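K.L.:
Take a look at this one; I'll ask things after.
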Amino acid sequence: MAGMGSHHAACMQKDEWLTPPSILEALGSFDLDPCSPVERPWDTASEHLTLHDDGLSAAWRGRVWLNPPYGRETGLWLEKLAEHGDGIALVFARTETEMFSARCGRKPMLCCFCADVCISTM
């Protein structure tokens, strides 16, 4: 089994991320995924916004599942989730970054670090 993040090449063609179904099943249902891949093999929420919908500037409702683009905009997505106040984000645990300390380290939110998340290639 490959580790989390190994399903994408270092030189990405696009910045969309699939969430393993086992993670979604463990966390329960979500009302909105504002960064859903345009082509996804399974649903992550009742409503999906893709890069065509600009989920970052769209209104969010209900319990949000957030697997955001990684890079300079990640902090903006996490900040919007913190302001929304109801949701879960899946991001790499890069606690040494300014994005993490400025956004995650100072907002009232719970951070969980998963040690052995694996993605099946079956």
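Any read-out appearing in this document is the output of simple, stated calculations on the displayed coordinates, not a laboratory observation. Everything quoted here is computed from the prediction, not taken from an experiment. Here the Cβ positions follow ideal geometry from the backbone for every residue, glycine too, while neighbour counts run over all protein chains shown.
K.L.:
What is the sum of charges, Lys and Arg at +1 and Asp and Glu at -1, for the other residues whose Cβ falls under 9 Å from the Cβ of LEU56?
P.N.:
Local net charge: -1.
K.L.:
Between GLU83 and ASP43, what is the label-point separation in nm under the 7 Å Cα-to-beta-carbon projection?
P.N.:
Going by the 7 Å Cα→Cβ label model, 2.8 nm.
K.L.:
Multiply the residue separation of ASP53 and GLU73 by 0.36 nm, subtract the distance between their alpha-carbon atoms, and state the gained length in nm to one decimal.
P.N.:
5.6 nm
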